[in-house]
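Enquirer: Take this structure, written in structure tokens, and hold onto it; I'll ask about it next.
The values are calculated or read from the model by the stated rules, or taken from the named source; none is laboratory data. Remember, predicted model here, so these are calculated numbers, not experimental data. Backbone-built Cβ (ideal geometry, glycine too); neighbour counts: all protein chains shown.
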Amino acid sequence: MNKSFDIPFVGLKQGKHHFKFEVGKTFFDDFPFSIIEGGNLIAEVELDKKETIMISNFIIHGNVKVVCSRCNEHANIDLNDSMINYYKFGTETEEDENLFVLSPDEYKINVAQQIYELITVALPTSPKHKKGECNTEMVELIKKYQSKEENEDIDPRWEKLNKLN
């Protein structure tokens, strides 16, 4: 993982600490099977260090470059989201996606994976250009080959079921 996303927590005093990370194309290159092809985001991490636990509040804002699910061209999607993770000191394992157990010999956390996960979860399920920004040739092809319901013959069995509504 990219060392520029390391937070050395051993020397931090108890209390809140703020970290800011720039997320760009090189960040996404570290994730080889990512659907995100680039971006320009700011990730802010507020780390609240306590005696036996650290609470991190992640906030991302900016945009990412992905393939539009409508026209298959690159689209810039604006993102603004947040999540909270917990880092517990100890040796036992926990089964919680937002709780990480840090062994006594660890002195830093790398937040790149958590930032990446927040970005991918913040993406819409079907990312698309804003209305009117899609490739017009592709939109015309879609309209051309889209089925027209009113011209199709409806199977009589379905017609009876439609009447039940």
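Enquirer: Go through region 1-48 and report how many residues are under 19 Å from the mean Cα position of the chain (by Cα) and of a type in the set (D, E, K, R).
Expert: 8
Enquirer: Still on this structure: Is it the case, given these coordinates, that Leu41 is touching a strand residue (DSSP E or B) at 6+ places or on another chain (Cβ under 7 Å), at pLDDT 95 or above and within 30 Å of Leu141 (Cβ to Cβ)?
Expert: Considered against the rule, which asks whether it is touching a strand residue (DSSP E or B) at 6+ places or on another chain (Cβ under 7 Å), at pLDDT 95 or above and within 30 Å of Leu141 (Cβ to Cβ), Leu41 comes out as no.
Enquirer: Return the residues of region 43-77 that are farther than 22 Å from Asn98 by Cβ, touching a residue at least 60 places away in the same chain (Cβ under 8 Å) and in a strand (DSSP E or B); say none if nothing qualifies.
Expert: Correct list: Val66, Val67.
Enquirer: Could you grab the pairs with beta carbons closer than 9 Å, sequence gap of 6+ or different chains, first residue in region 97-121 and surrounded by 19 or more Cβ atoms within 10 Å (Cβ to Cβ), second one assigned to a strand (DSSP E or B) and of a type in the set (D, E, K, R)?
Expert: What qualifies is Ile109/Asp6; Val111/Asp6; Ala112/Asp6; Leu118/Asp81; Ile119/Asp81.
Enquirer: Here is a further query. Quick test for you: out of Ser34, Ser4, pick the one residue that is among the hydroxyl-bearing types (Ser, Thr, Tyr) and under 24 Å from Ile77 (Cα atoms).
Expert: Step by step, each of Ser34, Ser4 is checked, and only Ser34 is among the hydroxyl-bearing types (Ser, Thr, Tyr) and under 24 Å from Ile77 (Cα atoms).
Enquirer: Being in a strand (DSSP E or B) and surrounded by 16 or more Cβ atoms within 10 Å (Cβ to Cβ) is the filter here; which residues of region 1-42 pass it?
Expert: Of everything in region 1-42, those that are in a strand (DSSP E or B) and surrounded by 16 or more Cβ atoms within 10 Å (Cβ to Cβ) turn out to be Ile7, His17, Phe21, Val23, Gly38, Gly39, Leu41.
Enquirer: Output the residues belonging to region 69-96 that are surrounded by fewer than 13 Cβ atoms within 10 Å (Cβ to Cβ) and more than 30 Å from Gly24 (Cβ to Cβ).
Expert: Within region 69-96, Gly90, Thr91, Glu92, Thr93, Glu94, Glu95, Asp96 meet the criteria.
Enquirer: Could you list all residues from region 145-163 that are modelled with pLDDT of 75 or more and either of a type in the set (A, V, I, L, M, F, W, C) or in contact with a Cys (Cβ under 6 Å, 6 or more places away or on another chain) (or both)?
Expert: Those that are modelled with pLDDT of 75 or more and either of a type in the set (A, V, I, L, M, F, W, C) or in contact with a Cys (Cβ under 6 Å, 6 or more places away or on another chain) (or both): Trp158, Leu161.
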